[in-house]
Amino acid sequence: METMTRKHQFDLTSQLPTSQAFLLRRSQASSRPPGMADKGVKVFGMWASPMAIRAEWALRLKGVDYEYIDEDLANKSEALLRYNPVTEKVPVLVHDGKPLAESTVIVEYIDEAWKDGYPIMPADPFERAQARFWARFAEEKCNAALYPIFMTTGEAQSKLVQEAQQCLKTLETALEGKTFFGGDAFGYLDIVTGWYAYWLPIIEEVTGVAIVTDEALPLIKAWFDRVVVVDAVKATLPPRDKLLALNKARREQLLSA
Ligand SMILES: N[C@@H](CCC(=O)N[C@@H](CS)C(=O)NCC(=O)O)C(=O)O
């Protein structure tokens, strides 16, 4: 487990390898003074996790300071296991000592707990329900279609790509006529699906298939470019080369297993 606090006062980042420098910079932007262990906000994440980053995006949109703790998922910290004994996964949000798991639950909680800040959920109940509907569709259908592409090759893989594209095509209808799924502003559904914008091109490069193309999914492809420049997103994205290397290694490992 790597934990970052404000005691890193100087710019040590130039002497560190890219990954550590990145994590340190990320924490310098949002940490709190020592001696307030149970107060404040902590996020337990893992730098390459597209789910954990959702909690950070929500907090940054709200302008909430938080401490980021990077977990080694092969050797989880005692704190993570204590805070999330049910699934033992990241992200976990700890707010004034109270832990919450499940990224979509965390994002909704952040919106309600800091209700006067940036609005993440739509104000209108019907639009809010629709955002939740599409978020569940993306999580349960699109992600389920996308994940196996990573561990297959050849014809089986081409079939999976078509299925994933069909699913994303359906999701794309929720983007018609809009800048973001949330309308003019980056909102809940953008937070839930925003990982596609950065992770899918990497998965495409690693697997050698094209999933989100201008031809197949023009609205989602154009939305990718808008997502990665949202301040909260830009500030937290892991270095591309590092994410690419990790995913290459994972795929090789999966294919040789
Ligand atoms: N549905 C969960 C998924 C979280 C999840 O799968 N986290 C992964 C990292 S992306 C994890 O902690 N894996 C470690 C494990 O499964 O033991 C959420 O959205 O929070």
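The values are calculated or read from the model by the stated rules, or taken from the named source; none is laboratory data. Owing to the predicted nature of the structure, the values given are computational and were not obtained by experimental measurement. So basically every Cβ, Gly included, is an ideal-geometry build from the backbone, and we count neighbours across all protein chains shown.
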Next item on the list: Can you run down the residue pairs with Cβ atoms below 9 Å, 6 or more apart or on separate chains, where the first is in the stretch 60-84 and in contact (Cβ under 8 Å) with a residue 60 or more places away in the chain and aromatic (F, W, Y) and the partner is within 10 Å of the ligand (Cβ to nearest atom) and not in a loop (DSSP other than H, G, I, E, B)?
Entry: Y68/F44; Y68/G45
Next item on the list: Considering each residue of the stretch 84-141, count those that are of a type in the set (F, W, Y) and either assigned to a loop (DSSP other than H, G, I, E, B) or under 23 Å from E71 (Cα atoms) (or both), and give that number.
Entry: 3
Note to self: So for the stretch 94-110 (the condition being acidic (D, E), outside the structural domain of V227 (by TED's automatic domain parsing) and more than 15 Å from the ligand (Cβ to nearest atom)), does at least one residue qualify?
What the structure shows: yes
Next item on the list: Would you be able to say whether some residue in the stretch 172-179 is touching a Cys at 6+ places or on another chain (Cβ under 9 Å) and either of a type outside the set (S, T, N, Q) or assigned to a helix (DSSP H, G or I) (or both)?
Entry: no
Note to self: Where the second residue is modelled with pLDDT of 95 or more and the first is on the phi > 0 side of the Ramachandran plot and lies in the stretch 182-207, which pairs have Cβ atoms under 8 Å and are six or more apart or on separate chains?
What the structure shows: G183/P122
Notebook entry, point to check: Pick from the stretch 27-73 the residues that are modelled with pLDDT of 95 or more, assigned to a loop (DSSP other than H, G, I, E, B) and more than 9 Å from the ligand (Cβ to nearest atom): which of them is nearest to the chain's Cα centre (by Cα)?
Noted result: W47
Note to self: Among the residues of the stretch 117-169, what is the count of those that are farther than 18 Å from G194 by Cβ, surrounded by fewer than 15 Cβ atoms within 10 Å (Cβ to Cβ) and of a type in the set (S, T, Y)?
What the structure shows: 2
Item checked: Filtered residues of the stretch 142-178 (kept if over 20 Å from E252 (Cβ atoms), over 19 Å from the mean Cα position of the chain (by Cα) and without any contact (Cβ under 8 Å) to a residue 40 or more places away in the chain) -> E155, K159, Q162, E163, Q166, C167, T170, T173, G177, K178
Next item on the list: Check A113 against each of (1) within 23 Å of W47 (Cα to Cα); (2) more than 10 Å from the ligand (Cβ to nearest atom); (3) in contact with a strand residue (DSSP E or B) (Cβ under 9 Å, 6 or more places away or on another chain) and name the one condition it does not meet.
Entry: (1)
